[in-house]
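One structure is given here, and the rest of the page talks about it.
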Amino acid sequence: MNDDLEKRYLSVIEDNDNVSKTNVLSEFFFLLLGIFLICSAIYFSADYIAGVVIDNMTNEKQLKIEKLLSGDRVKTINAHNEEIKRLSQIKKRIVRMDKNLQGKSKFPIYEADMKEINAFVMPDGKIYFTSGLLDKINDEQILTFILAHELGHYAHRDHLKSIGRQIISATLLSLISFGQKDITSVVNGFSFADSISHSQKQEKMADLYANKVVLKLYGTNKGAIDFFEFLKKEEKVPEFLYYISTHPSNDARINLLKEQKAD
């Protein structure tokens, strides 16, 4: 009698569409794997997704977002007013060369009251040369390369693309980690390494952009190469530290510029 009941029970289960015929744990594992693969695909496509969104954004929207992201937090001085005026004239020549720079920011140039040798561009197009840089460098070709490098970041919309990429990445990585501390630590480490790689890629593209500019304006990029040779002596940074730096090593940048010839 018991054998008959068991056969009838098994028969009912086999014929019931609402009863899973596979291992529940196995299904759960494949579900998680599927979610992980989808999230990973989106994560590794974050550059492309952010790029498509930003590149198809109107100039008006871009300028509004840039204004929100920027501010006047940098202390400025006028110790090198003549150099700033000279750079402003060079800037006009560069802007005329690239449609991606036209009809957007006016790209005002300021001297930042900072001792370090540096230059940077804000999301709204304000460009700053530090006093430390202007104290030590007055070569026109070098200053043009530095200026073009910062304009290259703006032309490529690096600020906006980086922010868009970070939003996508942070959202997905938080989902993948499931709030677990151990997983979160691993994910954060991976995210940091990936952001370093992304930043170095942007710097490389800005270097190539600036190199094209100086080659077109001066017919040579000797000044650009001399600049990185100068930085090598000034910074004296061990080569291995560039693996965790947002910028490529000076040697790598010199080799990159030497490879690019005039059109």
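Taken together, the values in this text are just the output of simple stated rules run on the coordinates, not laboratory data. For clarity, every value in this text was computed on a predicted model and none was experimentally measured. Note: ideal-geometry Cβ built from the backbone for every residue, glycine included; neighbour counts use all protein chains shown.
Computed values, structure above
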{"item": "Exposure proxy ranking, count of Cβ atoms within 10 Å, fewest first, for Lys216, Lys161", "result": "Lys216, Lys161"}
{"item": "Cα gyration tensor shape of the range 56-140, rounded if a/c is under 1.5, else prolate or oblate by comparing a/b with b/c", "result": "oblate"}
{"item": "Estimated FRET transfer efficiency (Thr246, Leu68; beta-carbon r; R0 25 Å; 0.05)", "result": "0.60"}
{"item": "Order by protection proxy (mean Cβ within 10 Å, highest first), peptides 111-120, 64-73, 94-103", "result": "111-120, 94-103, 64-73"}
{"item": "Neighbour-count order for Leu33, Leu151, fewest beta carbons within 10 angstrom listed first", "result": "Leu33, Leu151"}
